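Take a look at the structure set out below.
Just so it is clear, none of the values below were taken in a lab; they were calculated from the coordinates. Note that the structure is a prediction, hence the values are computed from the model and not measured. We place every Cβ from the backbone using ideal geometry, glycine too, and count neighbours over all the protein chains shown.
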Amino acid sequence: MNPIVVIPARMAATRLPGKPLATINGKPMIVHMLERAREADIGPVAVACGDPEIAAVVRAAGGSAVLTDPALPSGSDRVHAALAELDPDGRHDVVINLQGDFPTMAPVGLRLVITPLADANIDIGTLVVPIRDEAEANTASFVKAACAFADGQTIAPALYFSRQPIPWGPGPRWHHIGIYAYRRAALDRFVSLPPSPLERRESLEQLRALEDGMRIACVRMEHGPFGVDTPEDLERARALLA
């Protein structure tokens, strides 16, 4: 595999506008994301920017930035558009879509997320971590992945994703971390599809891939990053990275 990491970022956000440039310990959050991706050392890193001010900050930090149409509907579309400029000849056969609001991301997670693609039948790799308690299980913002790991295994097929506490019954539940490793052909296929019925119902774009018959596999981690979506999240990230 020859991966490339692309970080989609835009200034518009309902609960925390301008968050890519929010300062955490003296650096904009998007620069922290650049550093996490570089530390993984798995391939080149670029930022797919929805706004010129993000591109300016990325370039000032020595990073690669591509301006994309601010009207694009999702981070996946932004990554796909940036790839057309970054790698028009398709030399990179795997692209990691690393969200721009995970400043506590451990570099090992980026190394792990590509491992399911060693199986030629898998189209997309992603990450999950254990759900610790019923409060998390019943929180809609903690997206659940229906997957089951055989003894000693760290990779399992994803059968469904939901905001509800699935699966039913005793046993572990898994919190989905929205970082994806796409085969290049799978990303091309994904962005060509219209939003699917279950995607619209659950407001989860990964269901579009499952409904179209693509295969997603999950890699388990013990601890994952948290997304910075609110001012409270931002303060927590500042404390953790101090």
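Got a sec? How would Y180, Y160 order by Cβ neighbour count within 10 Å, fewest to most? Working shown, then result.
Working: Y180 25, Y160 18.
Exposure proxy ranking, most exposed first: Y160, Y180.
Quick check on the exposure proxy: order W174, W168 from fewest to most C-beta atoms within 10 angstrom.
W168, W174
Among V57, T68, P172, pick out the residue whose Cα is farthest towards the positive end of the charge dipole of the chain, where Lys and Arg carry +1 and Asp and Glu carry -1 on C-beta, about the Cα centre.
Value computed over the given set: P172.
Can you figure out the FRET efficiency of R163 with E53, using R₀ = 35 Å and their beta-carbon distance, to the nearest 0.05? Could you put the intermediate results ahead of the total?
Details: r = 32 Å, r/R0 = 0.93.
E(calc), rounded to 0.05, equals 0.60.
When every alpha-carbon pair in region 1-101 is counted, what percent end up more than 16 Å apart?
On the way: 2590 of 5050 pairs.
Above the 16 Å cut-off, region 1-101 has 51 percent of its Cα pairs.
Express the Stokes-Einstein translational diffusion coefficient of region 106-224 in µm² s⁻¹, to the nearest whole number, given a Kirkwood radius over alpha-carbon pairs, 4 °C and a viscosity of 1.567 mPa s.
Values: Rh = 14.5 Å.
The calculation lands on 89 µm²/s.
What does the charge count around D229 come to, taking other residues whose C-beta lies under 12 Å from its C-beta (Lys +1, Arg +1, Asp -1, Glu -1)?
On the way: positive: R15, K19, R236; negative: D101, E232, D233.
Here the count lands on 0.
Taking Cα atoms of region 1-55, Rg/Rh with Kirkwood Rh, to two decimals? Please report the intermediate quantities before stating the final value.
On the way: Rg = 12.0 Å, Rh = 11.9 Å.
The Rg/Rh ratio comes out at 1.01.
Based on Cβ point charges of +1 for Lys and Arg and -1 for Asp and Glu, what charge dipole magnitude is obtained for the chain about its Cα centre, in debye rounded to the nearest 20? Provide the component values of the computation, followed by the final result.
On the way: 24 positive and 29 negative charges, 29 e Å.
Charge dipole, the chain, about its Cα centre: 140 debye, nearest 20.
Before anything else, pin down the relative contact order of region 1-101: Cα pairs under 8 Å, at least 6 apart, normalised by residue count, whole percent. Can you show the working numbers first?
Values: 177 pairs, mean separation 40.9, N = 101.
Worked out over region 1-101, it gives 41 percent.
Tell me, what are the semi-axes, in whole angstrom and largest first, of the equivalent ellipsoid of the chain as set by the roots of 5 times the Cα gyration tensor eigenvalues? Could you put the intermediate results ahead of the total?
On the way: eigenvalues 137, 94, 59 Å².
They are 26, 22, 17 Å, listed largest first.
Taking only DSSP H segments of four or more residues, each worth -39500 (n - 2.57), what value at 222 nm results for the chain once the sum is divided by all its residues, to the nearest 500 deg cm²/dmol? Don't skip to the end; give the middle numbers.
Details: 9 runs with 76 residues, N = 242.
The per-residue figure over the chain is -8500 deg cm²/dmol.
Counting only other residues whose beta carbon sits under 15 Å from that of M214, what net charge do I get with K and R as +1, D and E as -1? It would help to have the intermediate numbers written out before the result.
Values: positive: R183, R184, R189, R208, R215; negative: D119, D123, D188, E199, E205, E211, D212.
Every neighbour counted, the sum reads -2.
At R132 and T230, where each label point lies 7 Å from the Cα along Cα→Cβ, what is the point-to-point distance in nanometres?
1.6 nm
What number comes out for the charge environment of L241, summing +1 per Lys or Arg and -1 per Asp or Glu over other residues with Cβ under 12 Å away? Working shown, then result.
Numbers: positive: K27, R36, R236, R238; negative: E35, E235.
Summing Lys/Arg as +1 and Asp/Glu as -1 gives +2.
Rank the residues V57, V129 as a footprinting-exposure proxy: fewest other Cβ atoms within 10 Å of their Cβ go first.
Working: V57 23, V129 18.
With the sparsest Cβ surroundings first, the list reads V129, V57.
Rounded to the nearest 20 Debye, what is the dipole magnitude of region 1-101 about its Cα centre when Lys and Arg each give +1 and Asp and Glu each give -1 at the C-beta? Numbers along the way, then the final one.
Details: 9 positive and 12 negative charges, 75 e Å.
Rounded to the nearest 20 debye, it is 360 debye.
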